[in-house]
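*Asks:* Pasting a structure below so you can have a look.
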Amino acid sequence: MATCFGAITMTIRTANKQPIKHNFIAGEWRPSAEYMENINPSDTNDVIARYAIASSNDVQDAVSAAATAMPVWSNSTSGERFEILDAIGSEIIQRQHELGDLLAREEGKTLKEAVAEAHRAGSLFKFFAAEVYRSETEGYRSLRPGISLEVRREPIGVVAAITPWNFPLAIPAWKIAPALAYGNTVVFKPAELVSGSAWALAEIISRAGLPEGVFNLVMGQGTEVGAALVEHADVAGVTFTGSTAVGRKIGATTFARGGKMQLEMGGQNPLIVLDDADLESAVEFAINGSFYSTGQRCTASSRLIVTEGIHDAFVAAMLHRMQGLRIGDARNPDTEIGPVVSEAQLNNNLDYLRTAKIEGARLLTGGEELKRPTPGWYLSPALFTHATREMQICREEVFGPIASVISVSNYDEALLVANDSDFGLSAGIVSNDRKIIDHFTTNVQAGMVQINLPTAGMDFHAPFTGRKNSSYGPPEKGSHCREFFTNSKVVHANYGERLKPKKEGS
Ligand code: NAD
């Protein structure tokens, strides 16, 4: 069954020494008519490589190869699936420093965060390798005597995995690994800005022994390559992570043609700090939640909702801490905050900063473009005070190193402000009052809650999910994601007397 592409390396060099990377379709690395450059946001003179832009024929061929491979892969044994997924996970973990360095180079996440993400991507493959041994069939007692009742799980078919740039290894891993584990075939369309990490992941998967066509990589623009996939009648399900605007468009198209979908989208996440909070911890959670990964996390704590009694001390401590943050080249091990991912994203952040000032928020610190030894998209983390819940920076997803402090009089008001959002992904509270924490946990409108912790979604064995405009469809990660990656089949059976086991001695 296994096809090994181990010897194939499709890196060829052009006269100007930029490596060229192809798409992976039907078991082959396929050249393209057009290529796009991938640039290091910490040093815009550094071109990482040129990546193939898939044509509409390429998309067609990738889906067709994936559909053709379905009968083979859906009938593969648990052991075969385990070996392949486990081997992919092992190689990613073994190469985590190299993969993390590439991720930091093309996305701007600090080396520490990038290596941790690579490790997590490997662990995700290992987790879903083990999941293949979990029984997919559930038995029930029928209401009718003598009738057997079971619910089987079957793969859905060709899965399109469309991913954003901010977690270029972990998010593809938590879509591709379960898709394969549950017996589906995959066409992977990564975000344009992070083709390097996607290609490196695809290269590892291409050598793991999957039959031809089970896994395909098509790189290129979302509006063309992504849209063609979403519209394709042979794509049974779309697992998408990205902005709410794009997610809604994809959702409407997928729904209209009867496809299955799993959409993880934007956030505008609150962190409540109450009077009784430990100040030092609250500041660390806010710094981490708001600014790590340059604030480019769907779970970023962009609204810091702080009660009056601790407000001034919290703001002063934040200012002190922020002035010491080391902002620079993502690959420098001393850097705490890397650059913004691209010029377009930087301009977007600058627009939010301008509007916030016009609307009356007061910029306490940051929000300045910074010069570093190499040219890059550097922005100092910004903190606004005197923010209100009506302001654009508190209503829309900012997706940059910008946070706002909203002052409130008590916990009740804090909860009201936290829930006054179109999003509902992650919500945090810093307090030692168990009664209030219980109330918050029950009443906050979010898919994930953090109590005396920075925002996070790192536990790959637990579901990752949101409410309102943040998520649609079954959760990702953990065993819960099988709701998306499988279809149920309910089997009622009457096996009759003849099939009953004979009694001993008869
Ligand atoms: P994006 O929506 O611009 O793009 C996401 C992906 O969709 C990319 O691969 C893109 O090429 C593709 N795409 C764009 N238009 C398309 C179309 N018309 N049809 C099909 N595909 C299309 O998002 P982004 O800028 O790459 O990532 C940032 C966003 O991702 C933020 O909004 C962030 O909150 C969100 N995000 C959400 C989660 C979560 O789990 N909720 C996690 C990470 C990122």
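*Asks:* Counting heavy atoms of the protein chains only and a 1.4 Å probe, report the per residue accessible area for the chain as a whole number of Å².
*Replies:* I get 42 Å² per residue for the chain.
*Asks:* Rounded to the nearest 20 debye, what is the charge dipole size of the range 270-316 about its Cα centre when +1 sits on each Lys and Arg Cβ and -1 on each Asp and Glu Cβ?
*Replies:* 400
*Asks:* Order the peptides 286-292, 208-214, 444-450, 331-337 from the highest to the lowest mean number of other Cβ atoms within 10 Å of their residues.
*Replies:* Highest mean packing first, the order is 286-292, 208-214, 444-450, 331-337.
*Asks:* Leaving out ligands, DNA and RNA but keeping every protein chain, what accessible area does His386 have, in Å² rounded to the nearest 10, with a 1.4 Å probe?
*Replies:* For His386, the solvent-accessible surface is approximately 100 Å².
*Asks:* Hey, got the dipole for the chain? About the Cα centre, +1 on K and R Cβ, -1 on D and E Cβ, debye to the nearest 20? Intermediate values should be presented prior to the final figure.
*Replies:* Details: 47 positive and 58 negative charges, 286 e Å.
Dipole about the Cα centre, nearest 20: 1380 debye.
*Asks:* Still on this model: Can you list the equivalent-ellipsoid semi-axes of the range 8-161, largest first and in whole Å, using the square root of 5 times each Cα gyration tensor eigenvalue? List each step's numbers first, then the result.
*Replies:* Details: eigenvalues 310, 96, 34 Å².
For the range 8-161, the semi-axes come out at 39, 22, 13 Å.
*Asks:* Using +1 at the C-beta of Lys and Arg and -1 at the C-beta of Asp and Glu, which of Cys298, Val398, Pro333 has the Cα lying farthest in the positive direction of the dipole of the range 280-437?
*Replies:* Pro333
*Asks:* Can you give the calculated 222 nm mean residue ellipticity of the chain, where each DSSP H run of n ≥ 4 adds -39,500 (n - 2.57) and the sum is split over every residue, rounded to the nearest 500 deg cm²/dmol?
*Replies:* -11500 deg cm²/dmol
*Asks:* Taking just the C-alpha trace of the range 114-207, give me its Rg and Dmax in Å.
*Replies:* Radius of gyration, then largest Cα-Cα span, for the range 114-207: 17.3, 59 Å.
*Asks:* Filter the trypsin sites (Lys or Arg not before Pro) in the range 150-212 to those in DSSP coil with at most 10 other Cβ atoms within 10 Å of their Cβ, and list the result.
*Replies:* Nothing satisfies the criteria.
*Asks:* Using θ = phi - 60° and the Karplus curve 6.51 cos²θ - 1.76 cosθ + 1.60, what whole-Hz ³J(HN,Hα) does each residue of the range 273-282 get, with Gly and Pro shown as x?
*Replies:* 3J(HN,Hα) across the range 273-282, in whole Hz: 10, 9, 3, 8, 5, 6, 4, 4, 5, 4.
*Asks:* Under the rule of at least 5 residues apart or a separate chain, name every residue whose amide H is placed under 5 Å from the amide H of Val408.
*Replies:* Val306, Thr307, Glu308
*Asks:* Tell me the carbon and sulfur percent of the accessible area for the range 309-387, rounded to whole percent, probe radius 1.4 Å.
*Replies:* 48
*Asks:* Quick check: at a probe of 1.4 Å, how many percent of the accessible area of the range 28-77 sits on carbon and sulfur atoms?
*Replies:* Summing carbon and sulfur atoms, their accessible area is 44 percent of the total for the range 28-77.
*Asks:* For the pairs Lys435/Lys468; Lys189/Lys371; Lys260/Lys468; Lys112/Lys249; Lys21/Lys189, note any where the Cα-Cα span goes beyond 23 Å.
*Replies:* Lys435/Lys468; Lys189/Lys371; Lys112/Lys249
*Asks:* Another question, then. So if the hydrodynamic radius of the chain is defined as the Kirkwood radius over C-alpha pairs, what does Stokes-Einstein give as its diffusion coefficient at 37 °C and 0.692 mPa s, in µm² per second?
*Replies:* Diffusion coefficient, whole number: 137 µm²/s.
*Asks:* Just name one of Ile250, Met265, Ala356: the one whose Cα is farthest towards the positive end of the charge dipole of the chain (beta-carbon charges, Lys/Arg +1, Asp/Glu -1).
*Replies:* Toward the positive end, the furthest listed residue is Ile250.
*Asks:* In terms of Cα to Cα distance under 16 Å, which aspartates and glutamates are near enough to Lys175, apart from those fewer than 8 places away along the same chain?
*Replies:* Partners within reach: Asp86, Glu117, Glu131, Glu264, Asp459, Glu476, Glu483.
*Asks:* Let me ask you something else. What size of dipole, in debye to the nearest 20, comes out for the range 78-172 about its Cα centre when the only charges are +1 on Lys and Arg C-beta atoms and -1 on Asp and Glu C-beta atoms?
*Replies:* Charge dipole of the range 78-172: 380 debye, to the nearest 20.
*Asks:* How big is Rg to Rh over the range 387-506, alpha-carbon atoms, Rh as the Kirkwood inverse-mean-distance radius? Please list the in-between numbers first.
*Replies:* Values: Rg = 23.2 Å, Rh = 18.1 Å.
In the range 387-506, Rg relative to Rh is 1.28.
*Asks:* Ordered by packing density, taken as the mean number of other Cβ atoms within 10 Å over each peptide's residues, highest first, how do 178-188, 411-421 rank?
*Replies:* Ranked from most to least packed, the peptides come out as 178-188, 411-421.
*Asks:* Run the numbers on the range 69-215 and let me know its relative contact order in percent, using alpha-carbon pairs under 8 Å that are six or more apart.
*Replies:* Once divided by the residue count of the range 69-215, the mean separation gives 32 percent.
*Asks:* While we're looking at this one, here's another question. Any idea how far apart Ser142 and Gln60 come out in nm if each label point goes 7 Å out from Cα toward Cβ?
*Replies:* 4.8
*Asks:* Go through Thr455, Pro381, Val417 and say which Cα lies farthest out towards the positive end of the charge dipole of the range 366-506; charges sit on Cβ, +1 for Lys and Arg, -1 for Asp and Glu.
*Replies:* So the residue we want is Thr455.
*Asks:* Let me ask something else about it. Give the ranking of Asp86, Asp422 by solvent-accessible surface, highest area first, calculated with a 1.4 Å probe.
*Replies:* Asp422, Asp86
The values are calculated or read from the model by the stated rules, or taken from the named source; none is laboratory data. In this text, all values refer to a predicted model and were calculated from it rather than measured experimentally. Ideal geometry is used to build each Cβ from the backbone, glycine not excepted, and the neighbour counts take in all protein chains shown. Only protein heavy atoms, including side chains, enter the accessible area calculation; ligands, DNA and RNA are left aside. Shrake-Rupley method; radii C 1.70, N 1.55, O 1.52, S 1.80 Å.
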